[in-house]
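The values are calculated or read from the model by the stated rules, or taken from the named source; none is laboratory data. Since the structure is predicted, the reported quantities are computational estimates derived from the model, not experimental observations. Here the Cβ is made from the backbone with ideal geometry for all residues, glycine too, and neighbour counts use every protein chain on show. SASA here: full protein model, heavy atoms, side chains in, ligands and nucleic acids out. Shrake-Rupley method; radii C 1.70, N 1.55, O 1.52, S 1.80 Å.
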Amino acid sequence: MGASLLRLHFHDCFVNGCDASVLLDDTANFTGEKNAGPNANSLRGFNVIDTIKSQLESACPGIVSCADLLTVAARDSVVAISGPSWTVPLGRRDSTTASQSAANSNIPAPTLSLSGLITAFSNKGFTAKEMVALSGSHTIGQARCTTFRTRLYNENNINATFATSLKANCPSSGGDNNLSPLDTTSPTSFDNAYFKNLQIQKGLLHSDQQLFSGGSTDAQVNAYSSNSATFMTDFANAMVKMGNLSPLTGSSGQIRKNCGKVN
């Protein structure tokens, strides 16, 4: 579940801050984020979050927010699959609403160009270098055929053998939800293989290969490819920054009893 829990945190923080809004089910008053384009049929791990939350409520009722839970779970997921660790500041509170429209407009799409990626992350206060570091999270996890089909059948900056191997599981029509690993080399280890794959045109998503396609971020990809420690440090620092996006603190928001619904 490591990659899925990390992605839940990312998709939470990029939509009105790290406030656990992504976990809320639809209500009569608002349409939640679970069925937004970037999330429908792909976000998962809600059951894991619910299990953790129920144990926390037994141990210390009303103390740990779902937003903090998500932030720590993302960090611990990375640590569990051999990635770096970082200190997570705590004290986030949970939102009382969610926004499907904000999820649709704020979460970077796999179809984005390099300039589009730089802008999407800049809008949240990240540098291009931090965007490249955070993209390195694609060293784990999987993507659905529908997110990379166009690249597979229409783009030229893709390793031919790699493309052929992917087409078996991702036909030109059908099989939308068939999964392929984002990092074909070591799909369940948090390492710098993602960047090495980009150097040989084995980026799965269009947005992945955009980081190494003759543009301004090529040098950063080369740096992370040759120095794993630098990547790990930069990734950890960028994750702290992401976890600090617009938190609800003090008396704002609430500490949800159940992460899927407002108290």
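Once the 1.4 Å probe is applied to the protein heavy atoms, the chain comes out at 43 Å² accessible per residue. Counted over the stretch 181-244 with a bin width of 5 Å, the fraction of Cα pairs per bin, in whole percents, is 4, 19, 24, 26, 20, 7, 1. Among SER82, THR146, GLY136, which residue has its Cα positioned farthest towards the positive end of the charge dipole of the chain, with +1 placed on the Cβ of Lys and Arg, -1 on the Cβ of Asp and Glu, and the dipole taken about the Cα centre? The residue sitting most towards the positive pole is THR146.
Pairs exceeding a 29 Å alpha-carbon distance, out of LYS34/LYS196; LYS167/LYS261; LYS167/LYS196; LYS241/LYS261: LYS34/LYS196; LYS167/LYS261. Working note: Debye formula, equal point scatterers on the alpha-carbon atoms of the stretch 15-58, no solvent; log10 I(q)/I(0) at q = 0.17 Å⁻¹ is -0.56.
The residue among GLN254, ALA229, VAL240 whose Cα reaches farthest toward the positive pole of the charge dipole of the stretch 200-263, with charges on the beta-carbon of Lys, Arg, Asp and Glu, is GLN254.
With viscosity set to 0.890 mPa s at 25 °C, what whole-number translational diffusion coefficient in µm²/s follows for the chain from Stokes-Einstein and a Kirkwood radius over Cα pairs? Spell out each step's value before the answer.
Numbers: Rh = 18.8 Å.
Rounded, D is 130 µm²/s.
The fraction of accessible area contributed by carbon and sulfur in the chain is 50 percent, rounded to a whole number (1.4 Å probe; ligands and nucleic acids excluded).
Compute the FRET efficiency between SER85 and ASP25 as 1/(1 + (r/R0)^6), taking r as their Cβ-Cβ distance and R0 = 35 Å, and round to the nearest 0.05. Each step should come with its number before you reach the end.
Working: r = 32 Å, r/R0 = 0.91.
The formula returns an efficiency of 0.65 here.
In the elastic network of the chain, a GNM with C-alpha springs shorter than 10 Å, the most mobile of PRO61, PRO247, PRO84 is PRO61.
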